[in-house]
Amino acid sequence: MEEKQENQTVARKDGERQKKETPGWMKVLLRILASLFTALLVAIAVVLVLNRDQLNLDLVKRYLTYQDLERTEEGQGVEFDLSSETDNTYAALSDSLIVCNANHIWVYSDGGTAYVDMEASLAQPVVQTAGSYALVYDAGGGELYLFSGRMLVWEYETSGDYGLISARVNDQGWIAVAEQATGYKAAVTVYDASQNKIVTENISSSFVMDAVVSPDNSQVALLTIGQDGLDFVSTLTLYSCSDGSETASAQVSNAVVLDLSWDDDGIWLQEENGVRRLDGNCQELGSWSESSYSLQSYSLQDGYAVEYFSYYRSGALGEIVVLDDQGAVSGTLEIEDEVLSVTAAGRYIAVLTGSGLTIYTSDLEEYASETDMTGMLQALARSDGTAILIGSGSAHVFLP
């Protein structure tokens, strides 16, 4: 019995010794892998240092999205030709560019391929984008077109001689169409993402200026204007999309409302001298106004608003003001140059001046810049930090 136990002990020790002894080739392989891992860590550290001001998920997204885009020696997208009509209207849509005028609509890829090239009759073309959707319609006319990505997915035309007042699509593809109607000041119809009619609100007491569906598709907001004695009063009214019942309302006195937007945290009302922020029950959260200077451009984004007021009506010299999701000023930036365009998308603000292009984050921190902008007339910010630069008869993608 003792001999058997001794043999088992010896066998166990031999097995443990064999496990501890690593073959030579394995040792070499482990050293190589360790060296490669160290080199990888060093490379990652270098990238982090060199790109510490720009490194975020958008940097990765841009790398994946634009790796096949044809570029110049400077690393920017190559220019492609556009219609050089002076009445062109432009809008950025994810990785595409929409161009339209009185007679035509185009949807271009970033490389200049025209995925849509169609005739249209648009006396006063309006383009509105949200997420991967875009609406093009004729204000006062009868034609409306819905695009998803680079495809035309829906066409709508009003009946008779009645014209479109406004049309808006949200990120989910739900649409609010306001149009003239028999016996009413206007009719506002909500369509779902499959273009099925959900509800119609007929308005007879005041004039409808705008309408938009809530981010969760449960309500529709109508902006109307009426008279209180000698004064004009704007009113925002919310209706349920399920049964058409009124859910909330608020009056905005002594202010001309230019635009309306609804995001996850509330509603923006763009006025001629500033901006007002309401919650989902039409209760005012905050407001800001500047009556001394001239409003040149604005952008109502998810969670913040951008206002550009110039000291002169020409648009040169002024101040950019950013408001947070409560309607309070979160940052200002003085511009001492000729301003060509100020646009925003996602968390980025693109400012094109006579001296060049600067991309800021929504907290007005500089993200990227380029001084050689010869011939550029407009910069359209996109949510991944890029911008579409529009010249006279051409366009290209700016890549930070």
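Every number in this text was worked out from the coordinates using simple rules, so none of it is lab data. In this text, all values refer to a predicted model and were calculated from it rather than measured experimentally. Cβ coordinates were reconstructed from backbone atoms using ideal geometry, including for glycine residues, and neighbour counts include every protein chain displayed.
The angle between the Cα long axis of helix 24-50 and the longest principal axis of the Cα atoms of the chain comes to about 30 degrees, rounded to the nearest 10. Under the simplified labelling scheme, the S330-S159 pair shows an inter-label distance of 4.6 nm, with each label point 7 Å from Cα along Cα→Cβ. Multiplying the residue separation of Y312 and I225 by 0.36 nm and removing their Cα-Cα distance gives an extension gain of 28.4 nm.
Taking amide H positions as modeled 1.01 Å from N, with prolines and chain starts lacking one, the residues under 5 Å from A139 and 5 or more places away or on another chain are Q124, V126.
Here the Karplus curve 6.51 cos²θ - 1.76 cosθ + 1.60, taken at θ = phi - 60°, turns the phi angles of the stretch 388-397 into couplings of 9, 9, 9, x, 7, x, 7, 8, 7, 8 Hz, with x standing for Gly and Pro. Charge tally around C241: other residues with Cβ under 15 Å, Lys/Arg +1 each, Asp/Glu -1 each, net -3.
In the list [x] 1.33; [y] 0.90; [z] 0.94, the label attached to Cα Rg over 2.2 N^0.38 Å as derived from the coordinates here is [x]. Could you tell me which of rounded, prolate or oblate describes the stretch 306-400, using a ≥ b ≥ c as the square roots of the eigenvalues of the alpha-carbon gyration tensor, with rounded for a/c under 1.5 and, failing that, prolate when a/b is larger than b/c and oblate otherwise? The shape class here is oblate.
Summary of packing: across the peptides 78-91, 176-189, the per-residue average of other C-beta atoms within 10 Å ranks them, highest first, as 176-189, 78-91. Protection proxy ranking, highest mean first, for peptides 274-281, 286-293, 139-146: 274-281, 139-146, 286-293, where packing is the per-residue count of other beta-carbon atoms within 10 Å, averaged.
Extension gain, A123-E338: 0.36 nm per intervening residue step, less the Cα-Cα distance, totals 74.4 nm. In order along the stretch 198-203, phi translates into HN-Hα couplings of 9, 7, 10, 10, 9, 10 Hz, rounded to whole numbers, per the Karplus curve 6.51 cos²θ - 1.76 cosθ + 1.60 with θ = phi - 60° and x for Gly and Pro.
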